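Below: the structure, in structure tokens.
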Amino acid sequence: CSDCHGAHGVRPASDPTSLVHRGNIPDTCGKCHVGVVEIYDQSVHGRKNAEKPGSAAVCTDCHTAHQITLATSPRFMLDVINECGRCHDSPDANGDRVGTYYQTYARSYHGQVTRLGMTRAARCSDCHGSHDIRSLDDPKSRVSPANRLASLRRCHEARNEQFVNVAPHADHRDSKN
């Protein structure tokens with residue numbers, strides 16, 4: 001308990017000075033998970049949290065705090081998509097969620113077979129990364145135009161350059177796009 005909560009002066013998670021306050025979670029976890037926090041700090045989530053602590057995904061959003069499971073366990077692999085969806089399923093101006101990244105993933109082949117319990121299908125982190133998620137325009141992003149084919153080939157080894165032209169979040173209900 002003291003590794004995360006501290007030994008003396010333990011404060012509630014709602015207190016900004018608490019080690020387990022949302023804005024402090026990456027540093028608290030980073031005390032043991034050395035190297036991971038440095039990668040996370042350069043990610044889109046880490047940068048957003050540096051600007052406004054607790055404003056983007058932190059360790060406990062994906063890994064929880066007290067019921068931590070291995071990232072390779074089927075339970076984690078099938079549920080982590082829902083954790084991404086908590087933020088990436090925001091409704092549009094009309095209150096519609098149909099075209100969100102989470103919903104278009106859910107309707108894709110990968111999303112459908114994952115929902116059926118298949119753990120080999122691609123999850124968000126397989127394309128975008130986990131601790132190292134970067135914006136699309138970042139040259140280090142796994143899904144930047146320069147890196148997209150290499151990322152796809154981790155699963156689809158024999159694919160050629162044309163394969164990157166397939167829209168991964170295409171919405172078959174959106175005839176305009």
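Every number in this text was worked out from the coordinates using simple rules, so none of it is lab data. This is a predicted model, so every value here is computed, not measured. Note that each Cβ is placed from the backbone with ideal geometry, even for glycine, and that neighbours are counted across all protein chains shown.
Details
- Annotation note: of Arg154, Arg107, the sole residue that is more than 16 Å from the chain's Cα centre (by Cα), under 14 Å from His169 (Cα atoms) and in contact (Cβ under 8 Å) with a residue 24 or more places away in the chain is Arg107.
- Checklist (1) touching a Pro at 6+ places or on another chain (Cβ under 8 Å); (2) touching a residue at least 12 places away in the same chain (Cβ under 8 Å) applied to Val80, failing item: (1)
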